[in-house]
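The values are calculated or read from the model by the stated rules, or taken from the named source; none is laboratory data. Note that this is a predicted model, so its numbers are computed, not measured. FYI the Cβ positions are ideal-geometry reconstructions off the backbone, even for glycines, and counts take in every protein chain you see. These area figures cover heavy atoms from the full protein model, side chains too; ligands, DNA and RNA do not enter into them. Shrake-Rupley method; radii C 1.70, N 1.55, O 1.52, S 1.80 Å.
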Amino acid sequence: MSQPFRTEKGGRIDRGQQLSFTFDGEQMQGHKGDTLASALLANGVHLVGRSFKYHRPRGIVTAGSEEPNALVGIYRNGDQTPNLRATQVELYQGLQSISQNRFPSLGFDVGAVNDWLSPFFPAGFYYKTFMWPKSFWDKVYEPVIRAAAGLGKPPKNPDHDHYGNIYALCDVLVAGSGPSGLAAALAAAETGAKVILCDEQAEFGGSLLSEASASIDGKDPADWAAETIAKLRAMDNVTLLNRTTAFGYFAHNFIALAERVTEHVSNPDPKLPRERLWQVRAKEVVIATGAIERPMVFPENDRPGIMLADAGRTYLNRYGVKVGNKVLVATACDTAWQAAFDLADHGVEVVAIADMRENPPESLISIAKARGIRVESGCVVTGTLGRKRVKAALLGRLMTSGQVASAGQIACDALLMSGGWTPTVSLYSQSRGKVVWDAEKGAYVPGKSVQNERSVGAAKGLYGLQASLENGYAAGEEAAKAAIGKSAKVTYAQATGGEAGNGGTLGAIPHDRNATKVRAWVDYQNDVTAKDVKLAVREGMQSIEHIKRYTTTGMATDQGRLSNMNALQIASGALERPVVDVGLTTFRLPYTPTTFGLFAGISRGDFFDPVRKTPSHDWVVEQGGVFEDVGQWKRTWYFPKGGEDMHAAVARECKVVRESVGLFDASTLGKIEVVGPDAAEFLERMYTNPWKKLAPGRCRYGLLLNDAGFITDDGVIGRLAEDRFHVTTTTGGAPSVFSTMEDYLQTEWPDLDVWITSTTEQYAVAAVQGPKAREVIAPFIERIDLSADAFPHMSVKEGTFCGVPCRLFRISFTGELGFEINVPRRHGKMMWETLAKEIEKHNGTTYGTESMHVLRAEKGYIIVGQDTDGTVTPQDAGMTWAIGKKKFDFVGKRGLERSDLTADNRPQFVGLLTKDPKVKLEEGAQITTAQNPAIGTPAEGHVTSSYYSPALDRTIALAMVKNGHALEGKTLYVPMPDGSIPVEVTGTVFYDKEGARINV
Amino acid sequence: MLLIYCPYCQVERAETEFHCGGEAHIARPADPSKASDEEWVEFLYMRNNPKGLAAERWRHNNGCGRFFNAVRDTVSDKFLKFYKAGEPMPDLEAIAKEAGK
Amino acid sequence: MKRYSFLELAKNAFSAHQNWGRQWRAPEPKAEYDVVIVGAGGHGLATAYYLAKEHGIRNVAVLEKGWLGGGNTGRNTTIVRSNYLWEESAGLYNHAIGLWQGLSQELNYNVMYSARGVMMLAHTVHDVQVAQRHIHANRLAGVQNEWLTPEQAKEYCPPLNIEKNIRYPVMGAALQRVGGTARHDAVAWGYARGADSLGVDIIQNCAVTGIRRGQNGAVEGVETAKGFIKAKKVGVVAAGHTSVVMDMAGVRLPLESFPLQALVSEPVKPAFPCVVMSNTIHAYISQSDKGELVIGAGTDQFVSYSQAGGIHITNHTIDAICELFPHFRRMRMLRNWGGIVDTTPDRSPILSKTPVQGLYVNCGWGTGGFKATPGSGHVFAHTIAKDEPHPINAPFTIDRFRTGRLIDEAAAAAVAH
């Protein structure tokens, strides 16, 4: 029979819609509205997984996101997701699921040998062994341990899905839609406040959806929930987010929500994201995350078929599934009794209710009796039988002495347990609030609010339907009042039934078995037993954090939601200290495991980081140019022609530039407009060079230091007018130079009357370099006399290029006659294409950054960030000439006077020529005085730049070498793995030493 | 992500609009040439790094571009005061007292 | 101290593990110690261990305000490597690597030092230049480090995406094969057990509230939550809280403490064989022996002692991880946490005497202190015992900030031109 454990009626599933799915390849049926867990249970499947360490057979324990055992892999369209909780996976037609951490099959898992060897694997055993022989750790032990550990299989293919992101603001965010959450949302929404209500489940209503014995305003609680949701849905000021987990509570009331958008659909719309990240800034937050039932820590409490009482009730009432045919209920509190009653009412045989309390409420006993249920009080489960499914339980009688006497064995195929309830304080704790111990409730509950939040209902340890509703309404009103200052009259709904229960237990359940032999699980997934916790204490672990880390309790994928309080109580007993003195481990985000893709959102490929393109970009793409990444920019690296490799292309480009003309896109250079009466004074203070006497229309190379005295940037600065400078910076340095300038201007020298504006994006810049540069640009430039006399090297003038305004610089980073034309960015493409066409007439070439580097290296010009590295002073770089000697102050001046910066033996910027002109040094190679230095010999310096120089037809290099300036003509060595390379120290200018070519 | 009030724009905006400029009220010596090595290292590198209230600089990078100062509790990350650059350093103890700490 | 071994484990299995002794005692403080170490993290415990083991100074207390190993030792991404550029740094971290290699045996505690290799990716021409410079410098210094092409990198780390069409394609990588990971808690516990067995008192839940100095200015002892404890010498190893502790002695330091986040995924079967770091796009990842992907995120931009950071920092890190390893996009974050990292202006630590006689400080490790733990403790113990630095830590003074003799690893990486 299909779905033998399905009830005949009831539940919120759609019995009209049958869905097929597979589990480990076996085809089964379920209904719309099922979770994978409820559908498996309907088919009588309890064994769904294997534990982490001992590979014990495990079944479904919960009906919620705290599930530790029922973790499955889901396959879909070639994508695979490991470790999903079957209790959260909504059933859809064709769902494919597999069990995990077993080989070769779930039923027969060879890893289960660990279970037999478990006496050798107590908590922390790996710290005590696997140390001999030494080399075996990485090679033998670790690979074996790693293969055994882990749960599901990692995804094999890149994810096909995409993810969304929304930023939202709201007045009141309500997390959780049980009775108190719904009431809070309604009360807040009635004031007109902007409300977001989220719930991790598919359907709103929380515990109301499985509450069969109470009513609200005379209605079935689930119906009341549906009506309330409908009411909220009709309000414009309310956003309802189901399948949405509030997983992180950050500073300043910033909450992160994970919305699962398509995971539950059989054929998702490809346009929709799989999940969506909501980043919400809420004025007020209502935490209505409920409470979680605690397992009872009795021996062999981990067999399939053993689950939480409330889960059993949820499967019955919400999903129409009977968890077994013969059910034993073991409890320490009232609420589990209702599960027994509901099951009995559905014709399930409840073999007994074993309540460990001496005197459970008479009212409950009489209801049980009326249903013919055997009641055992003062009775505990002391063990269970059955391997892949529980088949019987051992009972024990609690004696007044504290001892336990055997009370026989009872057959069952399911065991529902309840050790009481633990409020879900994760979000409160993440908000940095400190939980306080409530001895009466035996629970940690939220303490003082440190952010604008309030916990309500079971999340703060307040139970009972009516109390939760009232608390929720009041909290919603308060939250709205605090957020928008308004109140509204809300009629409170009245509940009958659903009273708060009493009772509960923490820690290990007493038993009459051999304590050294039996195991009672505290943390199911990580296989931590009560004995492990006691062992940790015995070994000196006193803090709960040590116990957690040593035993790994609470570190599984449920993050200790089921285990923490029991572990704490056991530790407290072993330490003979009250629970509150043992401490509590910190609640970390995320509340439940959250997909990486959700965080990454659309940040992939080109959206990973903005791509900045210059005006020539498309043209270069068409020409087959090769780009390099420089910061966020794409810069043309070189322009291969006719199958050239980089070396050939660069050799050609360099040669053409020196012989005729080259065109280079310099748009990426940073540009800053410095304007105002004190503009010169400002630059005087920022840069090492003097600026006051620079005439308008002239340029100067500027060197920028930090106040420590080290070079941080450089660039040519042109004076356009008395009060206006056009500053250029390096490509990578543009943002930091600008913000450094703003910093000094605003905070150190607010007296200066200067405005600075970043204009990097405002101008497109074309560099035309080479003997024919003037001829190339002349046809397009108007209003500027380009003759050498009127417009000498290091000049700047404003004019037009093809009729559009331009700033023309006569500057050179190649050592050739050179111009840089700045036009408004929107004309950049026109300028580039015009010039590219024009240079062809002169047999010119476009060139990229690699040739630019070679050409400047031939001239010994530094590249900040390559030849300097943040530890280099102007003196080191051989640029004392750039320091204004008479200046009162500039950034870095005082720093330069520090003893180490004026010390002898500092690295200095030099040229290097290999003895063999064909040998090219590697950039970054070290330099020594000894030909064959011993390991550990301090280096004398390193090669900063190294190229083949087409102009010299040999290799050249630049380097930083200790006392290098004094070593000119000397031989040093560059030790390489295959031998030392002798080099001669030279000056840094290799080509046109007198600089004649630039002044034509 | 912090929520920061810019005293120039007079709006609260997300932290990603701002850049933190470190400890506030560290004046660069007016005549650096007269500063001793100790004074210079104090200016360059020495920081209070307090656990508790700190006066720090922020710049509204993706807004008005102005630097301003703030008092923040470095344990809770709560801001207790925002004020414009150039205004004197507030009495942190008084602020702490007012905040009931 | 009872030695751990497989035999011992088996023996105890037959007595149901009832007879294991404490790994360390829980003593009350004595009135006086020769040396008091402030901070029972890995570095502090290692310092105490080597003081006792190598210098015969056993009248030592390690004071810890919380639980031992509970600061950055228990919050980091456990990466161990030594391929630093400057001779000073490479010397210090390589000293640590030497100790890591025999640490489990030395401490008789399996710290799971796993030399699975640390691969540092280059994404730009500039990155390649910087990586090559490191490799050349390391070769001369005797520090293992080698260059891999993208294809070789992929072979070493199969999940790595080396497609050319991604935003920042991998241009190669520097691989240090002796680099890897270690089990962070075990390092603290192993040193604690070792130090304890040599007579060191480890006193937890004992915050230091003051540092008492005598007439001559020298250290006399520390005020604590458990009363005054006299000490001839005090070594402060308080990581993120160093400024706070040193302020008690009136010593100012060039430190700022930032929140640093890390996170792990849910555990999965072996998926990632080594450690991969990308400084350019800020991604640091390995897989723990438990199966969790361990991922390091960046620091927030402001000083904070909150041990919590912003989600935008996490987002950015996961962006980078998913870009390099697109398979992991469907993996899920299990746990995210923060530490407090004390950072110096040159991003190198301070391991030094201080202007106060008898007061020593070990701090400023920034985001990378775990890897140095054994080496740091070893040379710091020497510094305290001899009242002068070991040659390895001699350059790591406070005074370097005055003279300008910085050890600036970050500056050496510079920014792209």
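Points worth noting:
- With θ taken as phi - 60° and the Karplus curve 6.51 cos²θ - 1.76 cosθ + 1.60 applied, the whole-hertz 3J(HN,Hα) list for segment A:485-491 is x, 10, 10, 9, 7, 10, 7 Hz, x standing for glycine and proline.
- Theoretical FRET efficiency, 1/(1+(r/R0)^6), r = Cβ-Cβ of A:Glu227 and A:Lys434, R0 35 Å, to 0.05: 0.40
- In Å, descending, principal axis extents of the Cα set of segment A:766-907: 55, 32, 30
- Computing Rg and the Kirkwood Rh from the Cα coordinates of segment B:16-71 gives a ratio, Rg/Rh, of 1.06.
- 19 Å reach of a label modelled at A:Asn77, 7 Å along Cα-to-Cβ, counting backbone N of segment A:152-192: A:155-165
- Helix-only mean residue ellipticity at 222 nm for the protein assembly as shown, each DSSP H run of n ≥ 4 adding -39500 (n - 2.57), per residue, nearest 500: -6500 deg cm²/dmol
- Gyration tensor (alpha-carbon) shape descriptor, segment A:844-998, a/c threshold 1.5: oblate
- Charge-dipole axis of segment A:19-75 as Lys and Arg at +1 and Asp and Glu at -1 on Cβ define it, positive-most pick from A:Gln29, A:Val45, A:Pro57: A:Pro57
- Count Lys and Arg as plus one, Asp and Glu as minus one, and take only other residues whose Cβ is under 9 Å from that of A:Phe890; the net charge is then +1.
- Taking only protein heavy atoms and a 1.4 Å probe, the accessible area of the protein assembly as shown is 52% carbon and sulfur.
- Comparing C:Thr242, C:Thr299, C:Thr149 in a Gaussian network model of chain C where C-alpha atoms under 10 Å apart are linked, the largest mean-square fluctuation is found at C:Thr149.
- Computed across segment A:717-765, the Kirkwood radius stands at 12.0 Å (inverse of mean 1/r, all Cα pairs).
- Listed residues C:Gly180, C:Gly214, C:Gly142, most fluctuating in chain C (Gaussian network, C-alpha, under 10 Å): C:Gly214
- Placing +1 on the Cβ of every Lys and Arg and -1 on the Cβ of every Asp and Glu, with no other charges, gives chain A a dipole of roughly 1520 debye about its Cα centre.
- Around the Cα centre of segment C:283-333, unit charges on the Cβ atoms of Lys, Arg, Asp and Glu (plus for the first two, minus for the last two) sum to a dipole of about 200 debye.
- Expressed in Å, the radius of gyration and Dmax of the Cα atoms of chain A are 38.0, 114.
- Built amide H within the under 5 Å cut-off of C:Arg335, gap 5+: C:Val264
- Applied to segment B:68-77, the Karplus parametrisation 6.51 cos²θ - 1.76 cosθ + 1.60 on θ = phi - 60° returns per-residue 3J(HN,Hα) values of 9, 10, 9, 10, 10, 7, 6, 8, 8, 6 Hz, with x for Gly and Pro.
- Relative contact order (percent, whole number), chain A, Cα cutoff 8 Å, 6+ residue spacing: 9 percent
- Cα gyration tensor shape of chain B, rounded if a/c is under 1.5, else prolate or oblate by comparing a/b with b/c: oblate
- Take each residue in A:702-710, count the other chain C-beta atoms within 10 Å of its C-beta, and the mean is 3.
- Its Cα gyration tensor gives chain C an equivalent ellipsoid, and the semi-axes of that ellipsoid, as √(5λ) in whole Å with the largest first, are 35, 26, 19.
- Restricting segment A:92-169 to chymotrypsin sites (Phe, Trp or Tyr not before Pro) that sit in a DSSP loop and have at most 15 other Cβ atoms within 10 Å of their own Cβ leaves A:Phe108.
- Taking a sphere under 12 Å around the Cβ of A:Phe247 and counting the other residues whose Cβ falls inside, with K and R at +1 and D and E at -1, yields a net charge of +1.
- Peptides A:31-42, A:722-733 ranked from most to least packed, by the mean per-residue count of other Cβ atoms within 10 Å: A:31-42, A:722-733.
- Spin-label pair A:Ser20/B:Glu98, simplified geometry with 7 Å Cα→Cβ offset, distance in nm: 7.2 nm
- Derived from the Cα gyration tensor, the three semi-axes of the equivalent ellipsoid of segment A:586-667 are 43, 12, 11 Å, largest first.
- Size-normalised alpha-carbon gyration radius of segment C:12-151, reference 2.2 N^0.38 Å: 1.39
- Rounded to 0.05, the FRET efficiency of the C:Asn165 and A:Val265 pair, given R0 = 35 Å and the Cβ-Cβ distance, is 0.70.
- Built amide H within the under 5 Å cut-off of C:Tyr305, gap 5+: B:Val75
- Sorted largest first, the principal axis extents computed over the alpha-carbon atoms of segment A:919-1000 equal 51, 25, 17 Å.
- With θ taken as phi - 60° and the Karplus curve 6.51 cos²θ - 1.76 cosθ + 1.60 applied, the whole-hertz 3J(HN,Hα) list for segment A:291-296 is 9, 10, 6, 9, x, 9 Hz, x standing for glycine and proline.
- Per-residue average of Cβ from other chains inside 10 Å of A:917-930: 3
- Amide hydrogen neighbours beyond the local backbone of A:His31, cut-off 5 Å, H modeled: A:Leu19
- Calculated on the alpha-carbon coordinates, the convex hull of segment A:724-822 measures out at 120 cubic angstrom per residue.
- FRET E, pair A:Ala147, A:Lys970, Förster distance 60 Å, beta-carbon r, rounded to 0.05: 0.55
- Extending 7 Å from the Cα toward the beta-carbon at both A:Asp916 and A:Lys388 defines two label points whose distance is 7.2 nm.
- Taking the square roots of five times each eigenvalue of the Cα gyration tensor of segment C:148-225, the equivalent ellipsoid has semi-axes of 50, 19, 12 Å, listed largest first.
- Cα gyration tensor, segment A:479-619 - rounded (a/c under 1.5), prolate or oblate: oblate
- Shielding of C:132-145 by partner chains, average beta-carbon count, 10 Å: 5
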